[in-house]
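Quick notes on the structure that follows.
The values are calculated or read from the model by the stated rules, or taken from the named source; none is laboratory data. The model shown is predicted, which means the values in this text are computed figures rather than measured ones. Cβ placement follows ideal geometry from the backbone for every residue including glycine, while neighbour counts extend to all protein chains displayed.
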Amino acid sequence: MTLDRPEISDLVIAFEPATLERLPVPRDEVLATLERHGMSAAARLVARWPHPEGVLDARFVDAVLLRAHLELQRLSEEFRQGERMRSLLVPLLDTLRRERVPGPYRVVDVGCGLGYVIRWLAAHGGLGDDTRLIGCDYNAPFISFATRLAAEEGLRCEFAVANAFQLSEPATIFTSTGVIHHFRRESLDRFLGEQGASGASAFLHFDTKPTYLAPIGSWIFHRARMREPLALHDGVLSAVRAHSPDTLAAAARRTCPEFAVGVHDGARELVPVLKVMLALVGVRRELRGAYLERLGPLAGRLGELA
Ligand SMILES: C[S@@+](CC[C@H](N)C(=O)[O-])C[C@H]1O[C@@H](n2cnc3c(N)ncnc32)[C@H](O)[C@@H]1O
């Protein structure tokens, strides 16, 4: 078993990097990649999908991914991903105000999917009038869905089909949930390097905490909750692929030295059942002291911010 086994969702959709135009995905290439990683069950799943002229049917792929993310959204609710983000974001915004970093503060969620966390923050976050909430994703159907749900509830947030690192108005804070394990090795370095290059003040990237119980816990949860086969497959694999706190901190310290970096809830536990997510936290070095102060007791769960 290799940690670099891809998730199906990483293979079945592709975009032209500069324009984000959707690219055709040859079905046989996906099957060959899955077989190369010994992922026969995943290959059998994708083999059943429609593929006119050998190319995966984009509308079918969109529908599968949408169903998977709707199920993921239910899990996000159960795992209280909104509250989780808010707990580290509120002290961060207070830090920016106190240190007189000019606003408005643009919180940009990278790979927002259906925008659950951004919509939760808009509805319940109480983040202040100087804060803008923006969700970005390459996937246009996700963004239309997120936009529609936000409009139905009259929420003050925006969504864009965009590379989060190439917005015309750049981010003050980058956030993400369940995204960073999709980036491996050099692509993780590039992803983290973008934070510094973009001029952001801070980042908060939440992902599954890799523990010895995470794969089995994830399997139980996904078995109980997911009905879409891709969601079940990728959800379980994502717990296996989750980066260790050391990998994340080392990559961030290497690629964005202008940030003090720590991992919230990264500490090893004897019975790791309560802390199922960790967060890679980075703040510009000059903000470090003020952020630790604002975090109060939560600072104790941050490990070293260095
Ligand atoms: C696992 S999915 C989204 C999960 C979502 N955060 C949630 O909690 O439901 C990861 C998404 O990241 C998006 N993505 C990756 N890099 C991105 C970037 N630089 N800008 C915008 N979207 C990105 C992909 O299009 C994909 O839809």
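Summary of values
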item	result
Scope the stretch 89-106; condition buried (at least 21 other Cβ atoms within 10 Å of the Cβ) and either at pLDDT below 95 or charged (D, E, K, R) (or both); matching residues	none
Some residue of the stretch 129-140 being part of a helix (DSSP H, G or I), within 11 Å of the ligand (Cβ to nearest atom), at pLDDT 95 or above and over 20 Å from Leu89 (Cα atoms)	yes
Set Ala171, Ala151, Ala146: member being among the small types (Gly, Ala, Ser), more than 9 Å from the ligand (Cβ to nearest atom) and farther than 22 Å from Glu83 by Cβ	Ala151
Residues (more than 21 Å from Arg227 (Cα to Cα) and basic (Lys, Arg)) located in the stretch 27-62	Arg27, Arg36
Options Phe165, Phe191: the member that is near the ligand (Cβ under 10 Å from one of its atoms), at pLDDT 95 or above and buried (at least 22 other Cβ atoms within 10 Å of the Cβ)	Phe191
Residues (closer than 27 Å to Ser244 by Cα and among the charged types (D, E, K, R)) located in the stretch 1-47	Asp4, Arg5, Glu7, Asp10, Glu35, Arg36
Matching residues in the stretch 72-87 - criterion: being hydrophobic (A, V, I, L, M, F, W, C) and modelled with pLDDT under 95	Leu72, Leu75, Phe79
Leading residue by the ranking (nearest to the chain's Cα centre (by Cα)) among those in the stretch 194-233 that are away from the ligand (no atom under 14 Å from the Cβ) and closer than 30 Å to Arg100 by Cβ	Ala202
Matching entry among Arg80, Arg74 (being without any contact (Cβ under 8 Å) to a residue 12 or more places away in the chain, within 16 Å of the ligand (Cβ to nearest atom), under 20 Å from Leu149 (Cβ atoms) and assigned by TED's automatic domain parsing to the domain that holds Phe206)	Arg80
Residue within the stretch 107-125 that is surrounded by fewer than 21 Cβ atoms within 10 Å (Cβ to Cβ), more than 30 Å from Gly289 (Cβ to Cβ) and more than 8 Å from the ligand (Cβ to nearest atom) present	yes
Residue ranges of helices (runs of 4 or more DSSP H) in the stretch 196-285 with at least 1 members at pLDDT below 95 and not acidic (Asp, Glu)	214-225, 229-241
Restricting the stretch 109-125 to residues that are of a type in the set (Gly, Ala, Ser) and modelled with pLDDT of 95 or more, the residue that is farthest from Pro17 (Cα to Cα)	Ala123
Enumerated helices (runs of 4 or more DSSP H) restricted to the stretch 1-71, each holding at least 2 residues that are exposed (fewer than 15 other Cβ atoms within 10 Å of the Cβ) and at pLDDT 95 or above	27-36, 40-47
Filter pass, Ala160 being crowded, with 19+ Cβ neighbours inside 10 Å and either modelled with pLDDT under 95 or aliphatic (A, V, I, L, M) (or both)	no
